[in-house]
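Sharing a structure here in structure tokens format.
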Amino acid sequence: MNLPIILIDNGHGRETAGKRSPSGKLREYAWTRAVARRITEELRGHDVSAFLLTPEDVDVPLATRVKRVEAYCRQYGKKNVILISVHVNAAGNGEHWLAAKGWSAYTTPGTTESDEVARCLYEAAVSAFPGRKIRIYANRKNPDFEASLYILRNTSCAAVLTENFFMDNLDDVAFLLSDDGKEAVVRCHVNGIIEYIRNAYE
Ligand SMILES: [Zn+2]
């Protein structure tokens, strides 16, 4: 088993309320599952030990997701596990098209190894999404946003949550539903993770 272990999580489940585009064409659970699966497969193609954390379609509770991550941390050491949780952002409740758009990533408050993983993902995002908005948190030395999100706060390994554009922005949704858009999101994650591994492990 090559280290680190990369765990790819996907947001929410089939029965989670909301979490869809106003058109109903983009469902966060389905979109993130398809993309998470492709990220995992492509990483494996590069000899990275990548696993899907939540292969189920149902909404696996956050506490269960955390338990799964922690089991990997106990087995391989928390420094050898990286969690990436793949989501789609929303500015409202999914009923109306709104103006907010763009790609971003979140880590817990404070500077940890997660910020270095996020920095690599941001670099990859700039290349993968030319001409599209990359949302940068302006008041820190790192570009990522900071929030005490449950899955980030309660896991002991490096962990980043990506918000891949907005499901209630018309232009972002058209991009996310296109083959080019899905390919670009997969490329962003794969290239960012591989760059981080190169910097930190080789
Ligand atoms: Zn989400």
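Could you look through region 18-51, keep only residues that are free of Cβ contacts under 8 Å to residues at least 40 places away in the same chain and within 16 Å of the ligand (Cβ to nearest atom), and pick out the one that is nearest to Tyr201 (Cα to Cα)?
Arg33
For Ile6, state whether it is more than 12 Å from the ligand (Cβ to nearest atom), over 15 Å from Arg65 (Cα atoms), open to solvent by less than 40 Å² (accessible area, probe 1.4 Å) and not acidic (Asp, Glu).
no
Right, something else. Looking at (1) open to solvent by 10 Å² or more (accessible area, probe 1.4 Å); (2) over 26 Å from Ala174 (Cα atoms); (3) away from the ligand (no atom under 16 Å from the Cβ), can you tell me which one Val81 breaks?
All conditions are met except number (1).
Next question, about the same structure. Can you find even one residue in region 67-74 that is among the aliphatic types (A, V, I, L, M) and touching a Cys at 6+ places or on another chain (Cβ under 7 Å)?
Yes.
Then there is this: Quickly run through region 102-127 and pick out the residues that are farther than 17 Å from Phe166 by Cβ and open to solvent by less than 50 Å² (accessible area, probe 1.4 Å).
Scanning region 102-127 gives Thr107, Thr108, Gly110, Ser114, Asp115, Val117, Ala118, Cys120, Leu121, Tyr122, Ala124.
Still on this structure: With the structure loaded, tell me whether Asp180 is open to solvent by 60 Å² or more (accessible area, probe 1.4 Å), at pLDDT 95 or above and over 15 Å from the mean Cα position of the chain (by Cα) or whether it fails that test.
Here the answer is yes, as Asp180 does meet what is asked.
The values are calculated or read from the model by the stated rules, or taken from the named source; none is laboratory data. Bear in mind the structure is a predicted one, so any value in this text is a computation, not a measurement. Reconstructed Cβ throughout: ideal geometry from the backbone, glycine too, with neighbour counts over all protein chains shown. Surface accessibility is based on the protein's heavy atoms, side chains included, excluding ligands, DNA and RNA. Shrake-Rupley method; radii C 1.70, N 1.55, O 1.52, S 1.80 Å.
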